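*Asks:* To start, I am sharing the structure in question, which I have written as structure tokens.
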Amino acid sequence: MTLQLLISTLDNGIERIPSMLLEPRDGISYLVSWQHSDGSPMEAVPQALLRDDVTVLHLQGRGLSRNRNNCIRHATGDVCMICDDDCTYTHEQLATVALTFATQRSLDVATFKAYGTNTTYPEKPFDLGEKVKNYHVTSFEIAFRRSSVQGKLEFNELFGLGAPVLHCGEEEVFIHDAVASGLTCKYFPALVVTHNGETTSTTRVGEPGTLKARGAYLYIAYRPSMIPRVFIISYRLHRDHGVPFFKAVRNMLSGISYIKKKPLPQPLP
């Protein structure tokens, strides 16, 4: 079984990639989607990435979900991990991911634990179709069996950094869509990655794009109860992070209104 790390990076983020690479080992490879924002020059691939186990793709424009989808479309590994360009790994951690899929033959998508986040992780495995209180997945905690996802499931490009309105939430929508499409999706309490930066949902918790994304996700995943949830979440954001209550309510309702007007993605052919 081969494992491939799908790394999305933008502009000079390519300079961080060499520090992510481990000593070459059979069965492990890296696919880097190097996104170039408008007006950014397309420079030569750094010498340190010219390795047999590293493939670098070029992609013009912005949008993190679009960049991740570029990785998914070109992936070749049996099992793939979603990666940010500020993550690091060990061979032991990658072996844990591969072994999980090797021993769980029906598993399509898995989420794991990351070191360096503020997440309080559940202690036991569970089916991601269950709604576990206070558990929120992050992109770099996700791995999947390529044959289950490629050509069938992608990140919703309305969500994520670089999207026009909704600046986070793409990973939660991805898991929701995976579960809704009938894939077997589970969480495992194994530490498989170290994240060396902060996530958008924590650094930009009170920004309109983050709040609107929260509202849009409620429309997708909790439609019957989305309005009460808007007020509950707004109260908690005010209590825990000092986000003005009515600002949170207004922006989350705006996110709901925005996503209601957009056609939901159809299954890939």
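*Asks:* If you count the DSSP beta bridges with both ends in the chain, what percent of them are antiparallel, to the nearest 5?
*Replies:* Bridges in the chain that DSSP calls antiparallel: roughly 25 percent.
*Asks:* Under the rule that an exposed site lies in a DSSP loop and has at most 13 other Cβ atoms within 10 Å, name the longest stretch of the chain with no GluC sites (Glu not before Pro) of that kind, not counting the sites themselves.
*Replies:* That gives 44-122 as the longest site-free run.
*Asks:* I'd like the carbon and sulfur percentage of the solvent accessible area for the chain, probe radius 1.4 Å, heavy atoms only, ligands and nucleic acids excluded.
*Replies:* Summing carbon and sulfur atoms, their accessible area is 52 percent of the total for the chain.
*Asks:* Name the trypsin sites (Lys or Arg not before Pro) in the stretch 54-158 that are in a loop by DSSP and that have at most 16 other C-beta atoms within 10 Å, would you?
*Replies:* Passing both the DSSP loop test and the Cβ count: Arg105, Lys131, Lys133, Lys152.
*Asks:* Let me ask something additional. Quote the convex hull volume per residue of the chain, based on C-alpha atoms, as a whole number of Å³.
*Replies:* Spelled out: Cα convex hull of the chain, divided by residues, is 129 Å³.
*Asks:* Compute the accessible area per residue over the chain, keeping the other protein chains in place, probe 1.4 Å, unit Å².
*Replies:* So the chain comes to 48 Å² accessible per residue, rounded to a whole number.
*Asks:* Of all the C-alpha pairs in the stretch 1-153, what % are more than 23 Å from each other?
*Replies:* Cα-Cα pairs in the stretch 1-153 separated by more than 23 Å: 37 percent.
*Asks:* Related question: Please compare each pair in Lys133/Lys247; Lys212/Lys262; Lys212/Lys247 to a cut-off of 19 Å on the Cα-Cα distance and tell me which ones are over it.
*Replies:* Among Lys133/Lys247; Lys212/Lys262; Lys212/Lys247, the Cα-Cα distance tops 19 Å for Lys133/Lys247.
*Asks:* Work out from phi, with θ = phi - 60° and the Karplus expression 6.51 cos²θ - 1.76 cosθ + 1.60, the ³J(HN,Hα) of each residue of the stretch 108-123, listed in order in whole Hz, and give x for Gly and Pro.
*Replies:* Whole-Hz 3J(HN,Hα) from phi for the stretch 108-123: 9, 9, 10, 10, 10, 9, 10, 8, x, 9, 9, 6, 9, 8, x, 8.
*Asks:* Continuing with the same structure: Within the set of other residues whose C-beta is less than 14 Å from the C-beta of Asn134, count the net charge using Lys and Arg as +1 and Asp and Glu as -1.
*Replies:* With Lys, Arg at +1 and Asp, Glu at -1, the net is 0.
*Asks:* Moving on to the next point. Using a 1.4 angstrom probe on the protein heavy atoms only, could you order Thr138, Thr120 from most to least accessible area?
*Replies:* These residues rank, largest area first, as Thr120, Thr138.
*Asks:* Sticking with this structure for a sec: Given a 10 angstrom Cα cut-off, can you work out which residue in Cys185, Cys80, Cys168 is the most mobile in a GNM of the chain?
*Replies:* Ranking Cys185, Cys80, Cys168 by mean-square fluctuation puts Cys185 first.
*Asks:* Moving on. For the chain, what is the mean residue ellipticity at 222 nm derived from helices alone (per DSSP H run of n ≥ 4: -39500 (n - 2.57); sum divided by total residues; nearest 500 deg cm²/dmol)?
*Replies:* -10000 deg cm²/dmol
*Asks:* Moving on to the next point. Show me the ranking of peptides 252-258, 218-224 by mean Cβ neighbours inside 10 Å, starting with the highest.
*Replies:* Result, highest mean Cβ count within 10 Å first: 252-258, 218-224.
*Asks:* Going through the stretch 106-206, which chymotrypsin sites (Phe, Trp or Tyr not before Pro) have at most 16 other Cβ atoms within 10 Å and a DSSP loop state?
*Replies:* Those satisfying the criteria are Tyr135.
*Asks:* Got a sec? What order do Val165, Val54 fall in by accessible area at 1.4 Å, biggest, i.e. largest, first?
*Replies:* Val165, Val54
*Asks:* Give me the distance between the Cα centres of the stretch 47-77 and the stretch 112-155, rounded to whole Å.
*Replies:* If you average the Cα positions of each part, the centres end up 21 Å apart.
The values are calculated or read from the model by the stated rules, or taken from the named source; none is laboratory data. Owing to the predicted nature of the structure, the values given are computational and were not obtained by experimental measurement. When we count neighbours, we look across all protein chains shown, and the Cβ atoms used for this are built from the backbone with ideal geometry, even at glycine. Note: accessible area is taken over every heavy atom of the protein model, side chains too, but ligands, DNA and RNA are not part of it. Shrake-Rupley method; radii C 1.70, N 1.55, O 1.52, S 1.80 Å.
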